[in-house]
Structures are given as C-alpha cells and as structure tokens.
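The values are calculated or read from the model by the stated rules, or taken from the named source; none is laboratory data. These figures come from a predicted structure and were not determined experimentally. Cβ sites come from the backbone with ideal geometry, for glycine too, and all protein chains shown count toward neighbours. Calculation scope for accessible area: heavy atoms of the full protein, side chains included, ligands and nucleic acids excluded. Shrake-Rupley method; radii C 1.70, N 1.55, O 1.52, S 1.80 Å.
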Amino acid sequence: RGHLQEAYAADRTLLLDQTASPWTNFEDPFRALAVLGAIPESVSARTFGHALEPGTAWPMLSRFFAARQLRGLPWWLARRDTVSLARFALRAEQEARTQGSAKGKFQGRYLHLAATAYLALARADSVRALRLFQSIPDTLCIVNDCFYEKLIEARLLATEGQAQQAGAVLDQWVWKAEGPFFVLGRLEQGRIAESLGEREKARDSYQFVVDVWRHADPELEPYVREARAGLERLAAER
C-alpha cells in the first residue's frame, strides 16, 4: 500500500476523532491528507465545516498550529468553494476582534488575511491574490503554520515570471513544511530551479520526490511522474 493509505489506516482513529489524543493538533496530518485526497470528502467537509458554525469561539489550542477545523483553506480552494472561503474570512475577522488572548487575536488576524487571499485566488484573480499573500506579515507566522500559503505565493510568483523571487520564498520556508507538503515544496523547488537553469538543484529536488514517493498512492503518482520527467529532461540536456 502507498504512503497515504498507510497513514490513514494507521491513524484512522486520530484522523476521524481529533479529541482522541491531546497531541492531535501537533503536526496534525489531517489537512495534508485531505488536500491530497486520502480522506473521504464527507469527513473533510464535516471537519472543516465546524469552523463555520456560529456561536462558538474558535479554539486556539497551540502556540504554533491552528486547530484542525481551522486548516481547511487549501481544501476549499481546491474545490473553488468561494462560499465557504468567504464565510471563513468573515468569521476570522470576527475572531481577530473577539478572541480573549493575544495569541488568539494574532491567529484570527492571520487566518482572515489568508482566507481573503485564498478567496481572490478561488475567484481567478491571481494578481490580487499574489498581492494579498505577499501582504501577510511574516511576524504572524510566529503563531501560525504559514508554509502552504508561502507555497502558493511561490507558485503565483513563478506564474508571473518572477522565478527568482519564487525560489527565494521556497528556500526560506520549505524547511518549515509538514509531511507531504514538504515533498510538494521540494517538487516546486525543482520546477523553479529548472526554469532558472539551476540543474543540480533541480535534479536534487526531483530525485527527492521520486525517492520519498517511490511506492506512491494513485493520488501522488502525478507528482512522481512529473519529477521523473524532470530528471529525464535534465539527463537529456547533458
């Protein structure tokens, strides 16, 4: 079986019941597995949908990581769910004002800014989305996991022909990625390095993806095929 299936099978209780362990929100793989399609869509929708429920303050459980239900922005983006993104942005703006702790206010502010950027991207306004992602202060990453937003920022920069800047963003932030997102970050580094003619860096990045996901699940195979194709292009250019 592949990596995603093994992770889901081994941690099924923890993935389906976030109260099963006091450590659930520490490097929680739920978001990555949901984004990559390893968790049933109904489970992901129900979990992330808790953030949209009125009347209950958002939990701010960890210094560095948001609670599981607050991590659904990339999942909604993948589905172009602008309604949920807009509702989340509104709730986050409210939470930034009403949270009782400074940490809670900071997390609420970050999530509001991030949700606004995701919403612009879901509406196909990539120029505005890039500007919004870039405007999020790095200081808010002290109490938030910022990597996926930085990955999107790098992708948008590369799309706009700013590969050098995109590479700099990833070089700074990729080592803060969690689980499968780290592998996606390395693949993006390979794409950018290849576009810049940085052959050795591109080769190392592509090889990393191939090695880590050597026995890939079907959901991961497109990324592995892309990495192998990159290695073949680089080999042919010798």
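Residues of segment 59-116 that are surrounded by 21 or more Cβ atoms within 10 Å (Cβ to Cβ), small (Gly, Ala, Ser) and touching a residue at least 40 places away in the same chain (Cβ under 8 Å): Ala66, Gly72, Gly108, Ala114, Ala115. Restricting Gly190, Gly230 to residues that are open to solvent by less than 40 Å² (accessible area, probe 1.4 Å), closer than 27 Å to Ala124 by Cβ, among the small types (Gly, Ala, Ser) and in a helix (DSSP H, G or I) narrows the list to Gly190. Residues that are over 17 Å from the mean Cα position of the chain (by Cα), part of a helix (DSSP H, G or I), of a type in the set (S, T, N, Q) and closer than 24 Å to Leu111 by Cβ occur in segment 139-151; there is at least one. As a summary of the residue check, Pro218 satisfies the conditions (1) touching a residue at least 60 places away in the same chain (Cβ under 8 Å); (2) open to solvent by less than 70 Å² (accessible area, probe 1.4 Å) except for the one numbered (2).
Just so you know, in segment 143-170 the residues that are open to solvent by 30 Å² or more (accessible area, probe 1.4 Å) and among the polar types (S, T, N, Q) include one that is nearest to Leu119 (Cα to Cα), and it is Thr159.
Looking only at residues of segment 171-187 that are open to solvent by less than 30 Å² (accessible area, probe 1.4 Å) and small (Gly, Ala, Ser), we find that the one that is farthest from Val212 (Cα to Cα) is Ala177. Within segment 52-69, which residues are in a helix (DSSP H, G or I) and at pLDDT below 95? Hits for segment 52-69 are Arg68, Gln69. Residues of segment 193-211 that are in contact with a Phe, Trp or Tyr (Cβ under 9 Å, 6 or more places away or on another chain) and open to solvent by 20 Å² or more (accessible area, probe 1.4 Å): Glu194 alone.
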